[in-house]
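The values are calculated or read from the model by the stated rules, or taken from the named source; none is laboratory data. The structure presented is a predicted model; accordingly, all values stated were derived computationally and were not measured. Counting neighbours? That spans all protein chains shown, and the Cβs are built from the backbone with ideal geometry, glycine included. Accessible surface areas use protein heavy atoms only, side chains included; no ligands, DNA or RNA. Shrake-Rupley method; radii C 1.70, N 1.55, O 1.52, S 1.80 Å.
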Amino acid sequence: MLLYRRRWLLIYLPILLALAGALAMVTRLWQPLPPQRVVIGTGPAQSSYLRLAQFYANRLEHHGIAVELVTHPRPQDALQHMKPGDGAIDVTFAQGLYAPASGASTPTGGAQALAVIGHEIVWVFAREDITDMGQLRGRRIATSVEGSSNQIAADLLLAHLRIRPDEVEFVSEVGDSALAALAEGRVDVIIHVATGDSQTANTLARLDGVHILGMERAGALAARERRLRTVVMPQGAIELRSQLPARDLPTMVTQMHLLARPDLHPALQRALLDVAGELHVMSGFLESPGRYPTTVGSDFPVSPVALEHARGERPWMETLLPFGTAQRTELFLYAVLPLSLLGVALLLRAPRYIDWQVDAALQRIYGEVHFMEEDLARQPAGEPVSLQPLLERLDILERRVEQMQLPNRYAGRGYTLRQHLYQTRQRLIAMHAI
């Protein structure tokens, strides 16, 4: 009877709390909604990566995803803030040169590639007295700071040419300052890793007394160093009228990657891949049509979500509804609705459980009365003293029934039980009077 009187506290409330807890766990662990904000790490202001990130931000905002752009002094700095659980940077762009070399352990923060979205050219600009790469020994080379992609590319090129780092002089100039240094003769060569539409590269290509050097034995270098690939820069590819370059040049390129944290929500990764498909489907400088975006040949570990996306696998709801609506609908269908139905079923079954408990309590008393009647039938006539224990047992049962305080819905059954106890008492009294 305590269970019935306190059914809201002992049954209904625990069921509701358990359902609320299960729903909270499902929405946080099994089927969480994607965050409504993404942080994209880029290079410094006015960099090509910052402009690219702005394009991504505009497209993502159409999906209802807010984007925060975080600039860094160097493009590679964002990689150090993409460890799982860090949360400082969700997405960034990086050249394949920053990927770990074979057998090396270059720190990349555990970032995974969503797609290869293009390539960047390893531009080598030299003064006109330098006619081939083999003449770089003893020269002053502008490559920016240590650890930059320019410096990494320079080290790889010089190693390929069997030129030791101590046989050249590296100058930490980049951009406009490197351009001025080359024009003034303070450096002999600039190694600059950038896209085909780089303003610095295009200015250097048109600078008087400066020309582009092709890479000797480019295929051999690409076969040995997986982070570099070879393409041919056709004659006149930069400017046909001026014949820039003046001849076909074997050129090295490094791939550009769209990277994400490994624990970034899968739905956000798919949204980023959709945007990449919109922005990079058109071919760029020295890029074959339809080549990018792709997961083939990535220099970074590829995200499992990206591999599924490349195979055309994605939640069917995202193919029918807008991004945000699809996520909420999926959560409702796979989590909220099943748990709600389970909760309704449990709440509807709770009264049946109470009925079963009340039946069990009443049946126990009926059983004791039945045993008492059997004992009464075995009592010898003319010995009223032996009836005293039965009267005491009957008193106890009557007090138990009174203490049960049956609710109105069980009043009929309680009345029947009291009648049964009354008849048993009358029979005992009658036997005692004999």
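Placing +1 on each Lys and Arg Cβ and -1 on each Asp and Glu Cβ, with no other charges, gives the range 114-183 a dipole about its Cα centre of roughly 180 debye. What does the charge dipole of the range 196-238 about its Cα centre add up to, to the nearest 20 debye, if the Cβ of each Lys and Arg holds +1 and the Cβ of each Asp and Glu holds -1? My answer is approximately 280 debye. For the pair Arg37 and Glu146, the difference between a 0.36 nm per residue extended length and the Cα-Cα distance amounts to 35.9 nm.
Relative to the longest principal axis of the Cα atoms of the chain, the long axis of helix 337-377 lies at roughly 20 degrees.
Would you work out what percent of the accessible area of the chain, with all protein chains in place, is carbon or sulfur (probe 1.4 Å)? On the chain, the fraction of accessible area on carbon and sulfur atoms equals 57 percent. Its DSSP H runs of at least 4 residues, each contributing -39,500 (n - 2.57), put the calculated 222 nm mean residue ellipticity of the chain at -13000 deg cm²/dmol, to the nearest 500. Between Glu392 and Val232, the simple spin-label model (points 7 angstrom out along Cα→Cβ) gives 11.5 nm.
For Ile15, the shell of other residues with beta-carbons less than 15 Å away shows a net charge of +4, using +1 for Lys and Arg and -1 for Asp and Glu. Note on the chain: antiparallel DSSP beta bridges, both residues inside, total approximately 65 percent of the bridges counted. Farthest toward the positive end of the dipole of the chain, out of Gln95, Ile238, Ile429, is the Cα of Ile429, where the dipole comes from beta carbon charges about the Cα centre.
Modelled spin labels at Leu207 and Gln426, positioned 7 Å past Cα toward Cβ, are 12.1 nm from each other. The C-alpha atoms of the chain define a longest principal axis, and helix 48-62 lies at about 30 degrees to it. What the chain shows is 51 Å² of accessible area per residue, with the surface traced by a 1.4 Å probe over protein heavy atoms. Of all segments of the chain bounded by GluC sites (Glu not before Pro) found in a DSSP loop with no more than 11 other C-beta atoms within 10 Å, the longest spans 185-312. Taking 0.36 nm per residue of separation and subtracting the current Cα-Cα distance, fully stretching the chain between Ala377 and Leu337 would add 8.4 nm.
For the pair Ser172 and Ala88, a Förster radius of 30 Å applied to the C-beta separation gives a FRET efficiency near 0.65, rounded to the nearest 0.05. These residues, Asp299, Asp77, Asp155, go from largest to smallest accessible area, 1.4 Å probe, as Asp155, Asp77, Asp299.
What is the spin-label model distance, in nm, from Ala220 to Thr319 if the labels are put 7 Å beyond Cα along the C-beta direction? Distance between the two pseudo-spin positions: 5.1 nm. Candidate values (i) 4, 18, 21, 19, 19, 14, 4, 0; (ii) 4, 19, 26, 22, 14, 6, 3, 2, 2, 1, 0, 0; (iii) 4, 16, 19, 14, 9, 6, 6, 6, 6, 5, 4, 3, 1, 0, 0 were compared with P(r) over Cα pairs in 10 Å bins from 0, in percent computed on the shown model; the agreeing label is (iii). Taking 0.36 nm per residue of separation and subtracting the current Cα-Cα distance, fully stretching the chain between Met25 and Ala66 would add 12.2 nm.
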